[in-house]
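Worksheet: the structure to be examined is printed underneath.
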Amino acid sequence: MPNAGAASARYLEDFVLSHSDPTTGLPVGPRGARAADPVYTSEQLLAAVLASVDDDKAEDIVEIDLRGRSDVADYMVICSGRSSRQVAAISEKLADRLKQEFHISAKMEGKETGDWVLIDTGDVIVHVFRPEVREFYQLEKMWLPGSAHRGA
């Protein structure tokens, strides 16, 4: 018989992980707690995210400032990979780099299919899409006013 404590811990872990709202692309639920005196700023985290996705050849990188517009995160980054494999690789490498540099265990959803991967770092929400999926959901149209656009 499996360990009941491990099963309940797994259920609780599944329950605690954020889930994204398909309409907004943002995680559902309150923002996770952060240390009172963090070692990094959300701007430093954003810079690391942008550098990582750029290094991995993500395309059409968009950064959106959410401060004052949403309590979920300070920034959102949206980018594309050319294939499901590249989308998954961009996401996995980003999570690894954030863990090494900032000791963040980012929550990730959608890596298995590689169509749309959501990476929730707490301060920065990252969406990595295949181009067709990105065009379908058009998150930029909902969130882009007043933000900056990078890439082509």
Suppose each label sits 7 Å from its Cα in the direction of the beta carbon; what would the Thr41-Gln138 distance come out to in nanometres?
3.5
When the convex hull of the Cα atoms of region 43-152 is projected onto a plane and the area is averaged over all directions, what value comes out in nm²?
6.2
Placing +1 on the Cβ of each Lys and Arg and -1 on the Cβ of each Asp and Glu in region 47-86, which of Val49, Ile61, Ser83 has its Cα farthest towards the positive end of the resulting dipole?
Ser83
Ranked packing of 72-85, 92-105, 45-58, most packed first, by mean Cβ within 10 Å
72-85, 45-58, 92-105
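Only the coordinates and a few stated rules stand behind these numbers; no lab work does. Because the structure is a prediction, the values reported are computed rather than measured. Please note: Cβ atoms are built from the backbone with ideal geometry, for glycine as well, and neighbour counts cover all protein chains shown.
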